[in-house]
Amino acid sequence: MAFMSRVTENKKYVYFFSIATVALFSVLAYLLSLIILPKSGVLLLLQLAVVVVSLFSNKTITTLAGVCCALIFNYFFTKPLYSFHMINAEDIINSIVFIIVAILMSELSIRYRDKSEALKQAEIRSNILLSVSHDLRTPLAGIIGSLSTFKEYKAQIKEQDQQQLINSALDESHRLHDYVENLLQLTRLKSKQCNGLFVYQSIWPVIKKIEARFSDKRLIILKINSLKQLNIQESLIEQAIYNIVDNALKYSPKEKQVIVEVESDEQWLYVRIKDSGLGVSKKNRLQIFDLFYSSRIGDSGKGGGGIGLTVVKGIVDAHKGKVAVIDCQQGCTIELALPWEYSNEQA
């Protein structure tokens, strides 16, 4: 499925894949026809090539593939051989039917993909709704509880306890804001509406902005070497790194540091976020980026709603990058890698 998505999203891949498929099946049909395959079998094999192309491409490309396969059938398999002339009425009829079937297959494949995408989007919306109904309830209950207590018993509560109630409500409000922001980004990514302006710029100001948002002394920012400019959408990259850093600060002991290292080499810019928490087991390293995967058991534990890292993965994929949990001696290290093109300007 991942391969199929990558092919269908890139026109160059679609053309290359279609040409390669037609060529491969044509050669296979020719070789088999020399041994055992009858003419009807050749037609079926070439038709299979058109079916495979239709699964990955649009109507125009599938129709062209059908015409191409019909011409190949005419040139290599009908008399006179190695000519585009036909003297056999059956071969002419077969070629016409072949092209008609190719057009019909392309239409059916497009409808199938549209229906599959609609079902997928409906499932995503359903899952998001279920998650929202649960994960919005907890911070909202905390905010309502803290403010209600403050309102009803303000005169009887010590000033220190009043401040604690207000801080608790603020913390839950920030948590709710982060959750809604991730939810919006996830919806845009899943519906492919995140087509904001990409600009060549340094990532360092983005990192410093994230540092200012947390204002946490445990957060240490390190720039290992000079950083080239990247073609990025700033708000998305900020959200992705923010989500990882937010998780790292949550899961690390209060006395332990969270380190953000920024480094570049010949092909990639790396952002590594290192914490001192319990870490992630090897079998769960891929799962943590899945939608709604969480370490939380029921309503207990520190695990989130399983959206933040899914948003990270979607944003990084949109930037043609990579994100993964990498080996480390203690805690968890998540490495975000973004490709860059050469620029003389350095940060």
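Tabulated values for the structure
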| quantity | calculated |
| --- | --- |
| Computed lengthening from Leu108 to Ser173, 0.36 nm per intervening residue step minus Cα-Cα distance | 18.5 nm |
| The stretch 41-132 - accessible surface per residue (Å², probe 1.4 Å) | 57 |
| Environment charge of Arg272, counting only residues whose C-beta is closer than 9 Å and scoring Lys/Arg +1, Asp/Glu -1 | -2 |
| Exceeding the 18 Å Cα-Cα cut-off - candidates Lys217/Lys256; Lys39/Lys79; Lys209/Lys313; Lys208/Lys254; Lys223/Lys320; Lys228/Lys274 | Lys209/Lys313; Lys208/Lys254; Lys223/Lys320; Lys228/Lys274 |
| Spacing of the two label points (7 Å from each Cα toward its C-beta) at Ile220 and Lys322, in nm | 2.7 |
| Loop-located chymotrypsin sites (Phe, Trp or Tyr not before Pro) in the stretch 67-123, at most 12 other Cβ atoms within 10 Å (DSSP) | Tyr82, Phe84 |
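The values are calculated or read from the model by the stated rules, or taken from the named source; none is laboratory data. Just so it is clear, the structure is predicted and the values come from calculations on it, not from any experiment. Cβ sites come from the backbone with ideal geometry, for glycine too, and all protein chains shown count toward neighbours. Just so you know, the surface numbers come from the protein's heavy atoms only, side chains and all, with ligands and any DNA or RNA stripped out. Shrake-Rupley method; radii C 1.70, N 1.55, O 1.52, S 1.80 Å.
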